[in-house]
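Take a look at the structure set out below.
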Amino acid sequence: MRVTVQDIMTTEVASVNGSTPFKDIAEVLIAHGVSAVPVVDAENHVLGVVSEADLLCKEEFREAYYAEGYKPPLRARLRHRLSEKGADVRRKAAGNTAAQLMTAPAVTVPATASAVMAARRMDEHGVKRLIVVAEDGTLQGVVSRRDLLKAFVRADADIAHELREDVLKRSLLVETADVSVEVHQGVVTLSGCMDRRSRALLAVRLIARVDGVVDVIDKLQWKHDDT
């Protein structure tokens, strides 16, 4: 089974529009127990994302703190001054609405994407969640790191059945009577004998890519070394 984003995403998503005030955004985050919300237009198209970090820019840099004698540490001031995002941080610190505070464009993913693709996109952009959109850019849901973990909690019996029927029988045309597949806590142990070493190596690679497989222990033997 190929786990896709739509299989694991959260569909009941709180959102705000561009004119939503700072305080209302904070209340939405607290009420729904989330760290970020998408910003959408009247047709539900995703415009960006506003997060706790975006809101905290104002708390860190607002003038009131300077008036009270507070000054950010030198390290923080240099980081924001030298960073490419320094101007963006200052903009958000002065913002009062979602449109002024949000990060745009949002990092998105289609619902049909695989869980693996979603994980790679999170890692590439350094984010903890992705906004799920339809082809027309409208909001469909949110997928988080926690959601991605659902792909690894499949029952061992379900994983073993897929490996025997879909990978070995259908994809590799291997007689499963000659190959033993055992799965425990997502760890697959392969043993038995196959006709060619190249086929055995391919079996290990294909099985390692199956959603829910944590690791593969290769104990396979072969009759002919064709590598």
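The values are calculated or read from the model by the stated rules, or taken from the named source; none is laboratory data. Nothing here was measured: the structure is a model prediction, and the numbers come from that model. With ideal geometry, Cβ positions are generated from the backbone for all residues, glycine too; neighbour counts draw on all protein chains shown.
Worth a mention:
- Complete set of residues in region 169-227 that are under 16 Å from Ala157 (Cβ atoms) and among the aliphatic types (A, V, I, L, M): Val181, Val183, Val187, Val188, Ile207, Val210, Val213, Val214
- Selected residue (criterion: nearest to Ala115 (Cα to Cα)) from residues of region 9-21 that are touching a helix residue (DSSP H, G or I) at 6+ places or on another chain (Cβ under 7 Å), touching a residue at least 24 places away in the same chain (Cβ under 8 Å) and of a type outside the set (Ser, Thr, Tyr): Met9
- Residue within region 138-150 that is surrounded by fewer than 15 Cβ atoms within 10 Å (Cβ to Cβ), under 30 Å from Ser35 (Cβ atoms), among the polar types (S, T, N, Q) and assigned by TED's automatic domain parsing to the domain that holds Pro110 present: yes
- Residue that is farthest from the chain's Cα centre (by Cα) [pool: residues in region 20-34 that are assigned to a loop (DSSP other than H, G, I, E, B) and surrounded by 12 or more Cβ atoms within 10 Å (Cβ to Cβ)]: Thr20
- When region 37-68 is limited to residues that are within 14 Å of Pro105 (Cα to Cα) and among the small types (Gly, Ala, Ser), the one that is modelled with the lowest pLDDT turns out to be Ser51.
- Scoring Ser191 on the criteria (1) closer than 30 Å to Ser15 by Cβ; (2) not assigned by TED's automatic domain parsing to the domain that holds Ala14 leaves a single failure, condition (1).
- Options Arg2, Arg81, Arg75; residue that is among the basic types (Lys, Arg), under 22 Å from the mean Cα position of the chain (by Cα) and either modelled with pLDDT under 90 or not in a loop (DSSP other than H, G, I, E, B) (or both): Arg2
- Residues of region 118-144 that are without any contact (Cβ under 8 Å) to a residue 60 or more places away in the chain, touching a strand residue (DSSP E or B) at 6+ places or on another chain (Cβ under 7 Å) and within 21 Å of Arg209 (Cα to Cα): Arg121, Met122.
- The set of residues in region 193-217 that are surrounded by fewer than 17 Cβ atoms within 10 Å (Cβ to Cβ) and either touching a Lys or Arg at 6+ places or on another chain (Cβ under 7 Å) or not in a helix (DSSP H, G or I) (or both) comprises Cys193, Asp195, Arg196, Arg209, Val214, Asp215, Ile217.
- For region 35-46, a tally of residues being part of a loop (DSSP other than H, G, I, E, B) and without any contact (Cβ under 8 Å) to a residue 40 or more places away in the chain returns 2.
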